[in-house]
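Peer 1: Starting off with a structure, shown below.
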Amino acid sequence: MTSTIKVDLRDGWTRITLNRPDRLNAFNEEMHRALAAALDEAADESCRAVLLTGEGRGFCAGQDLSDRVGTDGPPDLGQTIETFYNPLVRRLRALRKPVVCAVNGVAAGAGANIALACDIVLAARSARFIQSFAKIGLVPDSGGTFFLPRLIGEARARALALTAEPLSAEKAEEWGLIWKVIDDDSLMAQAEALTAHFSTQPTQGLALIKEAMQASSANDLDTQLELERDLQRQAGRTPDYAEGVKAFMEKRPAAFTGK
Ligand code: T3D
């Protein structure tokens, strides 16, 4: 049987590919479980960066809707959100290393918001982002109502969520929803190069940057300043910080170990 997730272990980083291309990599329970396991493995310190992408012409079409027909009575969608989607977003955010997302094609429903939960989103020029939920009577999940207004402002967030209109990758970049649009045929090479680069960088420091950025949405300036102080204290105690300063003074590239 074909695996719903492909995991490629590279030198210091991991590429995870959603692998249900016939369904545009829509999520079923098996894929959720396999992805959770892959991300748990990527939490190991031997992995210093993660690349998430999709197989075929789509990145991810959200929930596999064929699993939602023919049930007796209305399904308890809160249950799947609680069991699968919320833990997935929390896992991505909690990984103490950069997660790059290469959106290789359409990202719809939860698929769009899972991309936004990653640290850096690169998208193929042909990709589209669709908050499909309204079309089927649902509410954006997987952090959509959190990420969208923060990234692109409430007016655009509300319109995307209420209309379910597709947003082109170019517009997504222009609006600040994602980091960069890349020509389709260079997307994977550039995404892999960026992830490989992160795997050679001061991993503890990058994890602390992630932590600071994440906390800022809920904090006022004073609280954030205090957090920065505390995180800087931690960063300053890492061997990679010592190496970074030494390498700078010796005018040579730093040899970070991720410690
Ligand atoms: O239920 C819960 O647990 C609650 C959680 C919900 C989270 C969610 O994500 S809800 C939102 C679910 N997703 C959608 O509503 C998106 C549905 N898909 C689409 O609107 C379109 O497929 C796309 C706009 C994404 C792409 O359109 P297009 O024209 O490029 O491709 P297509 O022909 O529609 O899709 C290709 C195939 O994938 C097709 O199968 P076929 O006809 O070749 O056998 C299509 O049925 C299948 N597919 C695409 N998306 C899904 C799907 N099959 C099942 N579920 C899907 N989400």
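The values are calculated or read from the model by the stated rules, or taken from the named source; none is laboratory data. These figures come from a predicted structure and were not determined experimentally. Quick reminder, even Gly has a Cβ in these numbers, built from the backbone with ideal geometry, and neighbours come from all protein chains shown.
Peer 1: Testing Asn219 on (1) touching a Leu at 6+ places or on another chain (Cβ under 9 Å); (2) of a type in the set (S, T, N, Q); (3) touching a residue at least 24 places away in the same chain (Cβ under 8 Å), one condition comes back false. Which one is that?
Peer 2: Just one mismatch for Asn219, condition (3).
Peer 1: Please go through the stretch 54-70 and give me each residue that is within 6 Å of the ligand (Cβ to nearest atom) and at negative phi, ordered by number. Steps first, answer last, please.
Peer 2: Going through the stretch 54-70, the residues within 6 Å of the ligand (Cβ to nearest atom) turn out to be 61-66, 68.
Those that are within 6 Å of the ligand (Cβ to nearest atom) and at negative phi: Ala61, Gln63, Asp64, Leu65, Ser66, Arg68.
Peer 1: List the pairs whose first member sits in the stretch 15-28 and is closer than 9 Å to Thr4 by Cβ, whose second member is at pLDDT below 95 and near the ligand (Cβ under 9 Å from one of its atoms), and whose Cβ atoms are under 6 Å apart, counting only residues at least 6 apart or on separate chains?
Peer 2: Asn28/Asp67
Peer 1: Taking the stretch 158-175, which residues are part of a helix (DSSP H, G or I) and either under 15 Å from Val103 (Cβ atoms) or not assigned by TED's automatic domain parsing to the domain that holds Thr53 (or both)? Quick ask: steps written out before the conclusion?
Peer 2: Step one: of the stretch 158-175, the residues part of a helix (DSSP H, G or I) are 158-163, 169-175.
Passing the criteria: Ala169, Glu170, Lys171, Ala172, Glu173, Trp175.
Peer 1: Given (1) within 28 Å of Ala218 (Cα to Cα); (2) in contact (Cβ under 8 Å) with a residue 12 or more places away in the chain, identify the lone condition not met by Ala191.
Peer 2: Of everything listed in (1) within 28 Å of Ala218 (Cα to Cα); (2) in contact (Cβ under 8 Å) with a residue 12 or more places away in the chain, Ala191 misses just condition (1).
Peer 1: Let me ask you something else. Exactly one of these conditions fails for Val181: (1) surrounded by fewer than 17 Cβ atoms within 10 Å (Cβ to Cβ); (2) under 20 Å from the mean Cα position of the chain (by Cα); (3) of a type in the set (Val, Ile, Thr). Give me its number.
Peer 2: For Val181, the exception is condition (1).
Peer 1: A further question follows. If you go through the stretch 176-188 one residue at a time, do you hit one that is farther than 30 Å from Lys259 by Cβ, within 16 Å of the ligand (Cβ to nearest atom), in a loop (DSSP other than H, G, I, E, B) and acidic (Asp, Glu)?
Peer 2: no
Peer 1: If you don't mind, another one. Would you confirm, using the coordinates I've provided, whether Gly109 is within 11 Å of the ligand (Cβ to nearest atom) and crowded, with 20+ Cβ neighbours inside 10 Å?
Peer 2: On the way: within 11 Å of the ligand (Cβ to nearest atom): yes; crowded, with 20+ Cβ neighbours inside 10 Å: yes.
When the stated conditions are applied, Gly109 passes them.
Peer 1: Still on this structure: Confirm whether Thr80 is within 12 Å of the chain's Cα centre (by Cα), of a type in the set (Ser, Thr, Tyr) and not assigned by TED's automatic domain parsing to the domain that holds Gln214. It would help to see each step written out before you state the result.
Peer 2: Details: within 12 Å of the chain's Cα centre (by Cα): no; of a type in the set (Ser, Thr, Tyr): yes; not assigned by TED's automatic domain parsing to the domain that holds Gln214: yes.
Taking the combined requirement at face value, the residue does not satisfy it.
Peer 1: I would also like to ask the following. Taking the residues in the stretch 184-203 that are among the hydrophobic types (A, V, I, L, M, F, W, C) and surrounded by fewer than 15 Cβ atoms within 10 Å (Cβ to Cβ) as candidates, determine which candidate is nearest to Arg125 (Cα to Cα).
Peer 2: Restricting attention to the stretch 184-203, the residues satisfying the condition of being among the hydrophobic types (A, V, I, L, M, F, W, C) are 187-189, 191, 193-194, 196, 198.
With the extra rule that they be surrounded by fewer than 15 Cβ atoms within 10 Å (Cβ to Cβ), the set shrinks to 189, 193.
Working: Ala189: 14, Ala193: 18 Å.
Here the residue is Ala189.
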